[in-house]
Amino acid sequence: MLTRRALLLGAGQLGIFGALGAKLYRTQIVEGERYATLSDSNRISERLIAPPRGRILDRAGVVLGGNQANWRAVFTAGRSVDAGATLDAFTRLVPLTDAERARIERELRARRRYVPVTLREFLTWEDMARIEVNAPDLPGIIVDVGTTRTYPLGPALAHVVGYVAPPNDEDVAEEPTLGLPGLRIGRAGMEKAHDVQLRGQPGAVQMEVNAAGRIIRELDRQEGVPGEDLSLTIDAGLQASVLQRLGDESASAVVLDARNGEVLAMTTNPSFDPGLFNSGVSQAQWVEWTRNRRTPLINKAAAGLYPPGSTFKMAVAMAGLEAGVIGPKDRITCPGFFDLGDTRFHCWSKHGHGALDMRGGLKNSCDVFFYEVARRAGIDRVAAMANRFGIGVDLGIELPGARKGLMPTRAWRRAHGKAWNIGDTISCGIGQGYIQTTPLALATYVARIASGRAVQPHLTRSIAGVVQKGAAAEDWPALDLPERGLHLLREGMWAVVNEAGGTAPVARINLPGMQLAGKTGSSQVRRVSRAQREHGYNSAKLAWEFRPHALFVCYAPYDAPRYAVAVVVEHGNAGAAAAAPLGRDIMVNALTREATAPVQRVAEGRL
Amino acid sequence: MIAQRRLIRAEPSFGLLPKLWRINWVLVLLLCALAGVGYVALYSAAGGAPEPYASRHVLRFGIGLAMMLGLALIDIRLIARLSWPVYGLSIGLLVMVLRVGHVGKGAQRWLDLGGLQMQPSELAKVGLVMALASCFHRASWARMGNPLFLLLPAVLVLVPVGLILKEPNLGTAVIVGLVGGAMFLAAGVRWWAVALVLLPTPFAGRFAFEHMHDYQRARITTFLNPESDPLGAGYNIIQSKIAMGSGGLWGKGFLLGTQGQLDFLPEKQTDFIFTTLAEEFGLVGGLAVLGLLACIVGVGMVVALRCRHRYGRLLALGISTNFFMYAFVNLAMVLGAIPVGGVPLPLVSHGGSAMLMVMFGFGLLMSVHVHRDVEFGGRRDQ
């Protein structure tokens with residue numbers, strides 16, 4: 001009996017072992033693949049890594065926006081016995097503010113023990129040395145390196161290059177890869193305009209982690225595709241010299257290559273330091289910027305709107321010629337004023353200029369002459385011509401936030417529910433009234449007069465070494481205006497500077513082959529009443545913000561146009577006095593820098 | 001063949017040398033092999049080092065082996081006489097552990113005996129087997145059918161089971177109960193009696209579930225659905241299954257088991273030692289260990305069958321069933337087939353008390369084998 005029962009028990013036990021073997025087979029073979037996957041997802045932690053952002057260079061390869069190592073202290077609480085004591089020790093070496101300390105403690109609580117928390121970014125060499133020397137007292141704290149965006153020229157090109165900042169929650173919701181730690185996206189300027197090319201493709205790194213989340217080793221690393229380098233048309237040296245020349249004025253100057261529209265310098269003064277956006281702008285700094293009446297955050301060159309004043313007169317003249325309402329030699333007499341019904345419009349010269357032809361009208365900047373031309377041509381023809389010269393239209397500049405200004409027409413006025421007033425046409429004849437334009441548009445206008453081509457201003461020279469279209473003069477269509485008319489405008493501008501009695505003799509360049517042709521302008525920011533005029537109006541005595549803007553546009557050399565420059569000095573009062581000397585010096589600088597500019601320009605343009 | 005062997009009557013004629021000759025060296029070899037498997041597994045569990053587990057494991061096994069061989073030489077009749085004292089001692093220790101025991105992991109299981117920590121429940125298993133063997137030793141077929149006669153052995157089982165439950169240690173209590181049941185079965189209890197015990201089990205289980213500790217109830221619910229709490233109580237089972245499953249046919253290689261080496265596997269040196277092996281050596285390694293365990297149980301059964309006296313047979317059966325239960329509960333637990341219950345894999349897992357008690361049991365088994373032919377008073381089996 002016992003034998004039978006014992007055999008029964010033994011058989012039962014062996015059977016159970018067999019069942020266990022079957023279960024083992026099921027787990028390891030039948031379901032093995034599923035568990036292998038689970039095992040890998042346990043141990044392998046995949047992390048995307050931000051690719052190095054493409055650099056922004058000037059036309060000669062000077063770095064305008066680059067990447068720099070950012071040394072930071074990170075703390076892995078799991079490697080320290082007493083996290084609080086370690087943090088205290090760190091604070092004794094590198095003082096942390098209460099706010100920083102609170103942030104760190106919050107992050108330490110929220111994360112797993114082996115996920116590092118950043119203690120301090122942008123460590124100085126002294127801080128790093130102090131941390132490294134005291135490493136034994138700082139278990140779990142290491143100094144590691146990331147990258148940060150740097151702008152070596154700082155404020156000089158802040159508005160052109162722009163800046164980057166960490167993406168916000170909305171950006172990440174739209175494009176999840178933006179959530180990568182360390183990734184920055186372009187927020188302004190060229191950083192924003194070419195953000196996608198500069199950004200590159202994220203890479204991935206596979207790491208083996210243990211159950212506590214601690215990294216054991218790196219299994220695989222796929223470097224991302226670095227962002228592409230972006231070459232701007234800017235000449236950093238010229239930019240710096242222009243900025244220096246602007247001094248303390250609240251002003252803007254644009255230098256274009258008159259032949260192809262390349263923006264060689266685009267300055268706005270005052271400016272701001274774009275690097276501050278990387279580490280975070282303080283509240284006080286922000287308030288200072290936004291309250292400053294000299295508007296450091298606005299790119300005056302592309303988004304600052306000013307009435308063009310007398311610089312607009314070439315467009316009016318061309319409109320008159322094109323319409324056939326005035327011939328090149330036709331004279332108009334200026335008695336010092338212009339009556340339209342009951343309204344009297346004054347010339348800047350009280351005593352009048354007498355009889356002037358178009359060349360004389362430009363040279364003397366006679367207001368009455370252009371009141372009459374504008375009256376004859378009508379506002380719509382003037383506007384159409386201004387548009388062809390680049391005023392009041394979208395110039396296609398890459399900068400986000402660039403404005404096209406306003407060139408009023410009858411239709412525009414009607415769209416606002418009002419009838420066009422002939423008086424408005426008269427004001428527009430001298431670039432006042434509703435007209436609003438930017439220094440960039442004025443420079444384009446002059447470049448078009450000088451070159452006879454519909455050049456558009458542009459900042460992108462090459463992306464990843466590939467020269468973009470627009471670098472060669474031939475890329476731009478002719479303006480389709482009679483050469484005789486354009487020549488007349490150029491002659492008038494030459495006379496402004498180089499002839500006795502011109503309005504801007506101060507801008508003359510006495511160098512062979514570098515003769516400058518230009519036009520001054522002063523645009524009122526508020527209307528001058530008759531009472532003021534009768535009581536001896538002197539705009540120079542007004543409060544700063546009510547003084548007229550001073551403008552000067554020019555190109556050179558006169559006989560072989562190379563550069564076009566536009567200068568606007570906010571509330572500079574008189575173009576001839578405040579802006580023309582700046583324009584001249586900038587032009588001299590540009591002309592004499594020629595040697596440093598790349599010679600291979602034309603060759604590259606045909607690639 | 002068994003009957004042809006000479007019955008050993010006179011003690012003097014049965015000296016030390018014949019006894020050594022009679023030792024079952026196959027079993028010794030199998031046990032050494034299993035301990036060797038343990039060494040490999042513990043070496044791996046320590047991340048590829050003999051310290052702190054593997055070297056101590058060998059030392060303990062050495063001591064255990066010496067103890068086993070020593071016990072093998074003790075006359076089985078003397079051992080039979082010590083059955084009751086050993087049982088009594090184990091019950092005493094169980095009572096003591098409830099009073100002064102060391103609390104570990106939420107239960108009083110450990111007793112500190114002059115620096116040596118032990119779990120009295122381990123001794124209770126052997127004590128119970130000895131007591132029941134002694135009890136059934138003289139029981140005729142007719143007596144086994146008498147419910148009144150079965151009352152005493154039933155109490156012998158229920159007392160330690162109840163005390164262990166109170167620690168509380170559900171897993172061991174169930175094992176002790178099942179080992180007792182197996183002894184009853186082997187001794188020839190009637191099938192109707194078996195049915196009488198088995199039928200109310202579901203209801204008793206229901207009742208027990210309602211009176212369980214929360215951690216025990218959590219264990220059962222997570223067993224039924226481990227994914228319900230993947231980072232909590234179900235974590236161990238899931239990680240164990242992932243580790244074994246990802247091992248595949250040939251395993252990831254010695255010291256290359258990612259689940260074990262990267263600490264995803266909890267308690268890998270104790271309860272989940274088999275998982276470590278199955279991950280690194282695959283199905284092949286796992287089945288080899290399973291086969292080794294089956295061989296040891298099988299040899300135990302053979303020892304029982306070859307014994308000519310009833311006490312020895314029952315003792316050998318109980319000891320090997322006990323070993324079987326150990327192995328079964330541990331393997332089923334790591335395979336996710338039954339709730340996790342803190343039962344180590346004998347001779348493989350890290351842990352001194354369990355190892356020594358297992359070797360103590362095998363010592364008794366070996367004594368049965370050595371003294372399989374001695375004349376023993378009482379009812380001879382037919």
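Segment A:77-134 and segment B:135-178 have Cα centres separated by 63 Å. What shape does segment A:69-147 have by the C-alpha gyration tensor, where a ≥ b ≥ c are the square roots of the eigenvalues, rounded means a/c under 1.5, and otherwise prolate means a/b greater than b/c and oblate the rest? It is rounded, given that a/c, with a ≥ b ≥ c, falls under 1.5. Each of B:TRP250 and A:ARG106 was given a label point 7 Å from its Cα along the Cα-to-Cβ line. The distance between the two points is 5.4 nm. On the beta carbon distance between A:ALA473 and A:GLU322, with R0 = 25 Å, the FRET formula returns roughly 0.60. Each Lys and Arg Cβ is given +1 and each Asp and Glu Cβ -1; about its Cα centre, segment A:90-162 then shows a dipole of about 380 debye.
Neighbour counts of other C-beta atoms within 10 Å: give me A:VAL281, A:VAL467 arranged from fewest to most.
Numbers: A:VAL281 14, A:VAL467 18.
Ascending Cβ contact count within 10 Å gives the list A:VAL281, A:VAL467.
Apply the a/c threshold of 1.5 to the C-alpha gyration tensor of segment A:364-447 and tell me whether it is rounded, prolate or oblate.
The shape class here is oblate.
Once the Cβ-Cβ distance between A:SER45 and A:GLN68 is put in as r, and R0 is 22 Å, what FRET efficiency do you end up with, to the nearest 0.05? Let's see the in-between values first.
Numbers: r = 28 Å, r/R0 = 1.29.
E between A:SER45 and A:GLN68, to the nearest 0.05, is 0.20.
Cβ crowding within 10 Å, taken as a proxy for footprinting-reagent exposure, orders A:MET385, A:MET128, B:MET130 from fewest neighbours to most as A:MET128, A:MET385, B:MET130.
Rounded, prolate or oblate, given the Cα gyration tensor of segment B:16-370, with a/c below 1.5 counting as rounded? In terms of gyration-tensor shape, oblate.
With helices as the sole contributors, chain B gives -21500 deg cm²/dmol at 222 nm; each DSSP H run of n ≥ 4 counts as -39500 (n - 2.57), and the sum is divided by every residue. Counted by Cβ distance under 14 Å from A:GLY324, the other residues give a net charge of +2, where Lys and Arg count +1 and Asp and Glu count -1. Are any of the pairs A:LYS329/A:LYS363; B:LYS19/B:LYS125; A:LYS300/A:LYS541 more than 18 Å apart by Cα-Cα distance, and if so, which? In this structure, B:LYS19/B:LYS125; A:LYS300/A:LYS541 lie more than 18 Å apart at Cα. With everything on Cα atoms, drop me the angle between helix B:54-72 and the longest principal axis of chain B, reported from 0 to 90° to the nearest 10. Roughly 10 degrees between the two axes.
Taking segment B:235-296, which chymotrypsin sites (Phe, Trp or Tyr not before Pro) meet the DSSP loop condition and have no more than 15 other C-beta atoms within 10 Å?
Sites meeting the loop and neighbour criteria: B:TRP250, B:PHE254.
Contact order, relative form, for segment B:16-370: 28 percent (alpha carbon pairs under 8 Å, 6 or more residues apart, mean separation divided by residue count).
Between A:TYR25 and A:ASP171, the modelled label-to-label distance comes to 5.8 nm, taking each label 7 Å out from Cα in the direction of the beta carbon. With the highest mean first, a sort of the peptides B:153-159, A:236-242, A:359-365 on other beta-carbon atoms found within 10 angstrom per residue produces A:359-365, A:236-242, B:153-159.
Projecting label points 7 angstrom from Cα along Cα→Cβ for B:LEU151 and B:VAL100 puts them 3.5 nm apart.
Ranked by how many other Cβ atoms sit within 10 Å of their own Cβ, fewest first, the residues A:LEU108, B:LEU20 fall in the order B:LEU20, A:LEU108.
For A:ALA11 and B:ARG143, FRET efficiency with R0 = 25 Å and r from the beta-carbon atoms, rounded to 0.05?
0.45
Helices assigned as whole DSSP H runs in chain A whose Cα atoms extend at least 20 Å along their own long axis and whose mean Kyte-Doolittle hydropathy is -1.0 or higher are found at A:2-25, A:483-498. Listed by chain and number, the lysines placed with their C-alpha closer than 24 angstrom to that of B:LYS241 are A:LYS23, B:LYS105, B:LYS252, B:LYS268; residues fewer than eight positions away on the same chain are left out. Between A:ALA99 and A:ILE142, full extension at 0.36 nm per residue minus the direct alpha carbon distance yields a gain of 13.4 nm. If I fit a long axis through the Cα atoms of helix B:352-370 and take the longest principal axis of the Cα atoms of chain B, what angle between them do I get, 0 to 90°, rounded to 10? For B:352-370 against chain B, the angle is about 30 degrees.
Quick note: the coordinates plus some simple rules give every number you see, no bench work behind them. Nothing here was measured: the structure is a model prediction, and the numbers come from that model. Cβ coordinates were reconstructed from backbone atoms using ideal geometry, including for glycine residues, and neighbour counts include every protein chain displayed.
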